[in-house]
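Comments concern the structure below.
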Amino acid sequence: MEEKRNIGVYICQCGSNISDYVDVEKVREEVAKINHVSISKTTMFACADATQNEIVQDIQENNLDAIVVASCSPKLHLDTFKNVAERAGLNPYNYVQVNIREQCSWAHSDKPVQATEKAIQLVKAGIARAGYSEALIKTKISAENVVVVVGAGVSGMRSAIELADLGSYVYLIEREYFVGGRVAQWGELFTTNETGKETIRRLYNKLMEYKNITLFTGAEIISNTGTVGNFDIQVKIRPRYIKPGCKVDPEKLQKVIDACPVEIPDVFNFNLTTCKAIYKNFESEFPEIPAIDPEHCTRCGECEKLCDDIDLGQKDEFVNIKAGAILINTGYDPYEPKTGEFGYKEIENVITLPQLKRLIELSGKELIYKNKKIHNIGYIYCVGSRQKDGENKYCSRYCCTSTIYTSIVIKNKYKDIHNFHFDKSIRTYGKLELLYREASENGDIFLQFWDEDPPVVSRNGNGTVVSIKDMLSSGKELEVDCDLVVLVTGMVPRQDNKIADILKAPLGRDKFFNEIHPKLRPVETVIDGVLISGACQGPKNISESVKSSLSAASKANSLVKKGEIELKPTIAFIDKNACVWCDECLKACPFDAIIKVQSDGKDVAEIVEAKCKGGGMCLPVCPENAINLKGYTDNEMEAMITALAD
Amino acid sequence: MEQQNELSFDTLVIGGGIAGSEAAINLANLDYKVILVEKDLSLGGKMIHLSKVFPTLDCSACITTPKVSETIRHPNITIYTYSEVKNIVKVSDKKFTATLVKKPRYVNEDLCTGCQECEDKCPVVVKDQYQYDLVGRKAVYVPFSIANPRVVNIDIENCILCGICEKVCPVDAIDFTQEAVEIPLTVKSVIIATGFELFDPTQILRYGFGKFKNVVTAMQMERQLVPTRPYNSVLRPKDGKMPDNIAYILCTGSRDETVGNPICSQICCMYSVKQAQLLLGALPMADVSIYCMDIRAFGKGFCEFYQQSIGMGVEFHKGKVAKVTEKENGNLILRYENIENGKITEVEHDLVVLSIGVLPNPEAKLLFNSPVIESDEFNYIKQTDELVCPPQTNIEGVYVAGTSSGPMDIPDSILSAGAASACSANYIRN
Ligand SMILES: Cc1cc2nc3c(=O)[nH]c(=O)nc-3n(C[C@H](O)[C@H](O)[C@H](O)COP(=O)(O)OP(=O)(O)OC[C@H]3O[C@@H](n4cnc5c(N)ncnc54)[C@H](O)[C@@H]3O)c2cc1C
Ligand SMILES: Cc1cc2nc3c(=O)[nH]c(=O)nc-3n(C[C@H](O)[C@H](O)[C@H](O)COP(=O)(O)OP(=O)(O)OC[C@H]3O[C@@H](n4cnc5c(N)ncnc54)[C@H](O)[C@@H]3O)c2cc1C
Ligand code: SF4
Ligand code: SF4
Ligand code: SF4
Ligand code: SF4
């Protein structure tokens, strides 16, 4: 192929991020000497609009056949400058970005002379690569205007409604038998005092208005074989053992529940109570009909005797869905304290905040736990979050506010209760601060412990004592008798998170789903067409979860609504003559993008274009050197190495 | 005042900060026609003036400028800078009318090439508001180096009408005859993204801002830390010395009933922690101390970022600063109650940074004629269904994005803008 001979080179000062340490003018002078460089300029901010326009003009007026911008990391601006090239009529793949900021000026800020030399070498290598760059054409694939939303908590339900409104067809897939996620469990909510049940009811009623939403409950994605635009998803729907036409009669349902001999800990109430194999967590739960948990049901048939709508013969169903995009909204689990952590499971009146929320819901006019009326509640904050030595370094964000809000609710609901907060400094950010003020005005006592000196919960005769060295009273050692100790447990990623493997969606250091960039692409993942929102991405309250799910819904819709999607052309390609099908590449590819096909009577490898991310894992393992990567061909790489070695 | 023919669009976005730009781009990508009205001379809001941004420490200009240029180039977005809207009236479902006022720049935007010949020759020097008064600028000026649009503007209040700029301009772009233009506008929905204001620290006399030269605001520090920084180093204003013992006073103007702002500003803990880290990079010999009640490191990656600053040697002192006094050499004495030991303590620093809080932009409310837009008790735009539809206001078809509804960092502003654009699109569609 023809080498490019008319190259424009732009060296960015990045304000002073680069020019403080790299002599950009010297770099320019050096590279200007290269034969094929017909234009070389320095610029204050290459990404600024004025410079972009100047580059466009240069390309057009001088018929440049390739351009090089030496600036920041391509992670930031590769697409910016590809677009510049495209606007000027140059193929975007005849653009090469050289990173002289993260990999040069910032890395060698103590050695400006050497940094400048390195920058010169890097830019020369970039120019050499541009010389062999090939014009590549993006392929277009068709895309279904269908979005699968995984999880029907507040985030998932809100995303589904929004997507349906925007005209996409939505499959909403909920693992539990009922919708609502965590919020259905919480009773009154900050900041509006609406109850979780009401919030979920509003969303569910709205959901039911749409013909373009299909809701599956008791359902889970078990496999995916497709890619963006055309995901091929298989959903397994567990039986509910109740006929779909069932018109629930609460009295009769209670009789059936009473008749069920299986009694199990009720996870909806975080094991504070028990429930039967046939259940409905609360009366206004949706969908209206109850469910029988096949995992615990012994098929004894007692219930079937009492009600015709029960059908223990129902089987697992499997549904295949073709979808253009997938939106993960699977939420979080509350942190489960270890046995003995602040007396949990060892001292009987130590519970978690989620349990307290349920206890309030289950209580009448008085707050009673284990048959004792509660007077003094101690809240121990940051349990399972902000761990110095443990895994969870992060702050769970919702819990200071939720605890304080709950303490206010308790004050309003029950008489004679005293709240003692053992915190690690309160994080009621923004307007939430008002709740903190209200609790203080209510007479709640706030005590604070040092990171390295957490409070201790111990038995004291019949009672329980929390002892603390309190920062707010300059380190006084205090003891508080509490008849209920509440561990303010944080949020952790879903324990059962198989969906991450199935969709190959990446997790961050905190093990929550990870976005590409918190500011530039906050709801997208590196897997094209797989988006994330709500608390599965990291701790969030409802309002924050819903904001992200609305954002994600509009992003997902704009991706699939046109019916076609452009794919990056920088993918691997296989020289079928050279390939001997040893299957090494298949094993190396993390995205299952390689398949075996027949060509000229022999087995050879083929790249599934929509799956290949151009990661290049397959290249080095091929013993025949039969694989090349478009945009990173051997020609280009060898030219770079030669330039660097010069 | 000149009148022009009516303009009509799907959505009016008011404010061209990060939230407004993000909302406009989202809608434009969904194929809606958007008019973005920005009061200031150029786009980017506060964010374009920041140094590096927490918690990822990306260079703020480097992520704002491409957003701004994407906004400007998008075929579905029409931008009016140095313009305002007034008299917004909801006439009927999906029909709002308003008046767009394009203020005179006294420069023909289409002709000006931004060569700054005029700026070079203009004899007037005044304080540069974009550098938060750290340096001066001319009466005819490009707002800042990466401003977009990058054309000059004449600050008519300070201009002495000498006419030099008119003479030197190679393309005859200066036009003193310009007048404000009023353009009637019809749109189907409105997004409010008018952002926030900063607390004015002269209100707290005991911190001495305005009196003691070496007491600066965090925004001024932000400008000293940006790549396009005015002094190319961090200097203390009084004598141009490099500071080596810097103090941050958190919650300045926030969580403070005495200044009428009891709420927390949500960003100042984190931007202070960020600046402290940047300062340790810029001035390797310096010590940085942060005086705080709590450190509100609540967002994704924030707590880790805070821990990192402790690891780097930033010192955190728990206590509210009662008073700052100045020594003859310009150093400052901070008097505070050290909560950890209960002692009243005095410490000396050579530069004090006030971590000023976020206040609502009261203008947003005044743009609406009928019905009026409701605000909350602090004058932020009121969210009427915070849990299920956070961008919703009391007027159906009007949505709120970014800090117009309360303090927010950049990631949250961007998500809220995404949400507002989704709601707006739906309102128009259905
Ligand atoms: C004790 C406590 C009190 C709180 N109080 C408040 C409050 O007062 N106000 C407030 O704003 N916030 C509050 N929160 C926070 C609130 O719970 C979250 O913001 C909210 O639940 C996030 O919603 P989500 O939809 O993202 O996640 P979730 O509520 O966790 O919902 C996720 C859904 O996805 C489903 N799912 C999970 N995995 C799969 C899978 N593989 N396939 C299919 N479905 C799946 C789950 O079953 C669930 O229905 C509180 C949190 C706690 C712990
Ligand atoms: C010192 C400091 C440091 C910070 N550092 C960080 C950081 O490191 N990381 C981070 O995440 N966040 C940081 N922030 C917060 C960040 O600045 C805000 O989150 C963000 O700028 C909010 O964007 P916005 O668009 O809502 O508001 P703004 O940036 O205020 O934009 C509002 C826009 O609307 C325009 N406008 C106002 N009124 C009108 C009107 N009537 N008509 C038309 N237009 C109007 C304004 O001119 C402006 O352009 C920092 C803030 C400060 C003060
Ligand atoms: S929100 Fe509060 S309780 Fe929760 S982890 Fe953060 S600091 Fe601890
Ligand atoms: S006319 Fe005004 S703006 Fe122009 S040069 Fe003179 S003082 Fe400056
Ligand atoms: S007004 Fe004229 S002289 Fe001034 S910057 Fe614009 S083009 Fe240059
Ligand atoms: S964010 Fe921090 S400094 Fe700002 S008001 Fe809140 S607690 Fe104070």
Out of all the residues in segment A:272-290, which are free of Cβ contacts under 8 Å to residues at least 40 places away in the same chain and of a type outside the set (Ser, Thr, Tyr)?
A:CYS275, A:LYS276, A:ALA277, A:ILE278, A:GLU283
Give the residue that is farthest from the other protein chains (Cβ to nearest Cβ), with candidates limited to residues of segment B:403-412 that are in a loop (DSSP other than H, G, I, E, B) and in contact with a Ser or Thr (Cβ under 7 Å, 6 or more places away or on another chain).
B:MET408
Can you name the strands (runs of 3 or more DSSP E) wholly within segment A:169-281 that have at least 3 residues being closer than 16 Å to A:LEU327 by Cα and in contact with a helix residue (DSSP H, G or I) (Cβ under 7 Å, 6 or more places away or on another chain)?
A:219-224
Before we move on, is A:LYS469 out of contact with any helix residue (DSSP H, G or I) (no Cβ under 9 Å at 6 or more places or on another chain), buried (at least 17 other Cβ atoms within 10 Å of the Cβ) and not aromatic (Phe, Trp, Tyr)?
yes
Residues located in segment A:493-523, provided they are more than 14 Å from chain B (Cβ to nearest Cβ) and not in a loop (DSSP other than H, G, I, E, B):
A:LYS498, A:ILE499, A:ALA500, A:ASP501, A:ILE502, A:LEU503
What is the one condition in (1) touching a residue at least 24 places away in the same chain (Cβ under 8 Å); (2) within 8 Å of chain B (Cβ to nearest Cβ); (3) buried (at least 24 other Cβ atoms within 10 Å of the Cβ) that A:LYS547 does not satisfy?
(1)
Kindly provide the set of residues from segment B:141-169 that are more than 14 Å from every other protein chain (Cβ to nearest Cβ), within 14 Å of ligand 5 (Cβ to nearest atom) and among the charged types (D, E, K, R), ordered by number.
B:ASP155, B:GLU166, B:LYS167
Condition test on A:GLU479, is it surrounded by fewer than 24 Cβ atoms within 10 Å (Cβ to Cβ) and away from every other protein chain (no Cβ under 14 Å)?
yes
Tell me the residue from A:LYS415, A:LYS431, A:LYS411, A:LYS373 that is under 29 Å from A:THR195 (Cβ atoms), within 16 Å of ligand 2 (Cβ to nearest atom), surrounded by fewer than 21 Cβ atoms within 10 Å (Cβ to Cβ) and not aromatic (Phe, Trp, Tyr), please.
A:LYS431
Taking segment B:148-207 as the region of interest, how many residues are more than 20 Å from the chain's Cα centre (by Cα), within 11 Å of ligand 4 (Cβ to nearest atom) and outside any loop (DSSP other than H, G, I, E, B)?
7
Of the listed residues (A:GLY340, A:GLY378), the one being of a type outside the set (A, V, I, L, M, F, W, C) and surrounded by fewer than 17 Cβ atoms within 10 Å (Cβ to Cβ) is A:GLY340
Of everything in segment B:231-258, what is among the aliphatic types (A, V, I, L, M), within 14 Å of chain A (Cβ to nearest Cβ) and within 14 Å of ligand 6 (Cβ to nearest atom)? Give them in sequence order.
B:LEU250
Against the definition (more than 7 Å from ligand 1 (Cβ to nearest atom) and either in the same structural domain as A:ASN557 (by TED's automatic domain parsing) or crowded, with 22+ Cβ neighbours inside 10 Å (or both)), how does A:ARG158 come out, yes or no?
yes
For the condition within 15 Å of ligand 1 (Cβ to nearest atom) and within 22 Å of A:LYS469 (Cα to Cα), what is the one hit in A:SER385, A:SER402?
A:SER385
Looking at (1) closer than 21 Å to B:LEU41 by Cα; (2) without any contact (Cβ under 8 Å) to a residue 40 or more places away in the chain, which is the one condition that is false for B:GLY163?
(1)
Closer than 22 Å to B:ALA61 by Cα and either touching a Phe, Trp or Tyr at 6+ places or on another chain (Cβ under 6 Å) or among the aromatic types (Phe, Trp, Tyr) (or both): does that describe B:TYR130?
yes
Within the bounds of segment B:357-369, is there any residue that is among the β-branched types (Val, Ile, Thr) and away from chain A (no Cβ under 11 Å)?
no
Which number in (1) facing chain A (nearest Cβ under 9 Å); (2) outside any helix (DSSP H, G or I) marks the one condition that B:SER289 misses?
(1)
Is at least one residue of segment B:413-428 assigned to a loop (DSSP other than H, G, I, E, B) and more than 8 Å from chain A (Cβ to nearest Cβ)?
no
Kindly evaluate A:ILE468 against the criterion of being in contact (Cβ under 8 Å) with a residue 24 or more places away in the chain and away from chain B (no Cβ under 11 Å).
yes
Of these, B:PRO104, B:PRO123, which one is away from every other protein chain (no Cβ under 14 Å), closer than 27 Å to B:PRO230 by Cα and assigned to a loop (DSSP other than H, G, I, E, B)?
B:PRO123
Taking first residues from segment B:98-120 that are over 26 Å from B:GLU6 (Cβ atoms) and second residues anywhere that are modelled with pLDDT of 95 or more and among the hydroxyl-bearing types (Ser, Thr, Tyr), the pairs with Cβ under 6 Å that are 6 or more apart or on different chains are B:GLU119/B:TYR141
Being out of contact with any helix residue (DSSP H, G or I) (no Cβ under 7 Å at 6 or more places or on another chain) and among the polar types (S, T, N, Q) narrows it down to one residue among A:THR116, A:THR139, A:THR80; which is it?
A:THR139
For segment A:526-542, check the following and say yes or no: at least one residue is in contact with an Asp or Glu (Cβ under 6 Å, 6 or more places away or on another chain), on the phi < 0 side of the Ramachandran plot, more than 8 Å from chain B (Cβ to nearest Cβ) and not acidic (Asp, Glu).
yes
In segment B:1-27, anything surrounded by fewer than 24 Cβ atoms within 10 Å (Cβ to Cβ) and not charged (D, E, K, R) is listed as B:MET1, B:GLN3, B:GLN4, B:ASN5, B:LEU7, B:SER8, B:PHE9, B:ILE25
Please find, within segment A:534-566, the residue that is farthest from A:ASP634 (Cα to Cα) out of those that are touching a Lys or Arg at 6+ places or on another chain (Cβ under 6 Å) and of a type outside the set (Ser, Thr, Tyr).
A:VAL546
Where in segment A:366-477 are the strands (runs of 3 or more DSSP E), entirely inside, with at least 1 residues that are under 27 Å from the mean Cα position of the chain (by Cα) and at pLDDT below 95?
none
Output for Cβ contacts, cut-off 9 Å, separation at least six or different chains, first residue within 13 Å of chain A (Cβ to nearest Cβ) and surrounded by fewer than 17 Cβ atoms within 10 Å (Cβ to Cβ) in segment B:72-83, second among the charged types (D, E, K, R) and assigned to a helix (DSSP H, G or I), reads B:ARG73/A:ASP49; B:ARG73/A:ARG87
Single condition A:ILE55 does not satisfy, out of (1) aliphatic (A, V, I, L, M); (2) modelled with pLDDT of 95 or more; (3) surrounded by fewer than 21 Cβ atoms within 10 Å (Cβ to Cβ)
(3)
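The values are calculated or read from the model by the stated rules, or taken from the named source; none is laboratory data. Please read these numbers as outputs of a predicted model, since none were measured by experiment. With ideal geometry, Cβ positions are generated from the backbone for all residues, glycine too; neighbour counts draw on all protein chains shown.
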